[in-house]
Amino acid sequence: MSEENQKNSPECANCGVFRCRSREDVNVPSFCPTKNFPELIQKSLEMNKLPENLAIHQAWRTTIDTLQQGREKWSHTRLDEIVEFARLRKVKKIGIATCYALQFESRLLSNFLEQRNFKVVSVSCYLGELNPEDIGLVGKRFCNPILQAEILNSENTELNIMMGLCLGHDILFLKHCKADTTPFVVKDNSLGHNTVAALYLTQGYYKDRFIK
């Protein structure tokens, strides 16, 4: 990366131009990555052409197009998208990696998928729970996300779904599982797992809690 690009690291969250939505020749902020990273854009284009990546793009596009036929854009759920995506990818076996606290929700998900003829393998975070002393830590026993990943690997799952794994444990799970993986629930005990609500609340009554 050039010295100039280092000074203009991407800040897309602060952009109001959205030039990347089109190829229009408009003025963009100095931090615009579409302007500053032409070599990486070309590299990513070639990577997106690889068969294994192109197949996912094609399944995503067909999933959205199929679900929107005859419907309003907002009418299909993430659950609908997962099922349609899995069908298009010819997935037969789906893995569920769940937090023990969401076992009820994971049972509903498992039943839903099985009724649609998917083979479902589910693993709880407390499988082979870790004694912290065994790995040089202190405190109470805790979850084993690496084991969750390895068991699903051994079961040859073709698509994995994460159900509320703790922050950090989700990272380890993603790092070690081999199958394509998508989140369905991101844990947030205070907000009923509606994580984006914390951001919305910064604009309202609880503003002082979130903004110092």
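The values are calculated or read from the model by the stated rules, or taken from the named source; none is laboratory data. Owing to the predicted nature of the structure, the values given are computational and were not obtained by experimental measurement. Quick reminder, even Gly has a Cβ in these numbers, built from the backbone with ideal geometry, and neighbours come from all protein chains shown.
For the stretch 77-167, which strands (runs of 3 or more DSSP E) that fit wholly inside it have 1 or more residues that are under 23 Å from His57 (Cα atoms)? Outline the logic, then answer.
On the way: elements: 93-98, 119-124, 159-163.
Per the criteria, 93-98, 159-163.
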Qualifying residue in the stretch 126-147 (condition: surrounded by 12 or more Cβ atoms within 10 Å (Cβ to Cβ), over 21 Å from the mean Cα position of the chain (by Cα), free of Cβ contacts under 8 Å to residues at least 12 places away in the same chain and within 21 Å of Val185 (Cα to Cα)): no
When residues of the stretch 21-46 are limited to those that are hydrophobic (A, V, I, L, M, F, W, C) and surrounded by fewer than 12 Cβ atoms within 10 Å (Cβ to Cβ), the one modelled with the lowest pLDDT: Val26
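In this structure, does Ala198 turn out to be part of a helix (DSSP H, G or I), surrounded by 15 or more Cβ atoms within 10 Å (Cβ to Cβ) and either at pLDDT 90 or above or of a type in the set (A, V, I, L, M) (or both)?
Values: part of a helix (DSSP H, G or I): yes; surrounded by 15 or more Cβ atoms within 10 Å (Cβ to Cβ): no; either at pLDDT 90 or above or of a type in the set (A, V, I, L, M) (or both): yes.
In short, no.
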Subset of the stretch 169-188 (residues that are more than 14 Å from the chain's Cα centre (by Cα), of a type outside the set (Lys, Arg) and over 19 Å from Leu109 (Cα atoms)): His176
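This table checks each residue for (1) under 28 Å from Phe173 (Cα atoms); (2) polar (S, T, N, Q); (3) in contact with a Pro (Cβ under 8 Å, 6 or more places away or on another chain).
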{"position": "Ile41", "(1), (2), (3)": "no, no, no"}
{"position": "His57", "(1), (2), (3)": "yes, no, no"}
{"position": "Trp60", "(1), (2), (3)": "yes, no, no"}
{"position": "Gln69", "(1), (2), (3)": "no, yes, no"}
{"position": "Ile82", "(1), (2), (3)": "yes, no, no"}
{"position": "Lys90", "(1), (2), (3)": "yes, no, no"}
Flag if Ala86 is in contact (Cβ under 8 Å) with a residue 60 or more places away in the chain and outside the structural domain of Val120 (by TED's automatic domain parsing): yes
Residue count, the stretch 55-78 (criterion: within 18 Å of the chain's Cα centre (by Cα), hydrophobic (A, V, I, L, M, F, W, C) and over 18 Å from Thr157 (Cβ atoms)): 2
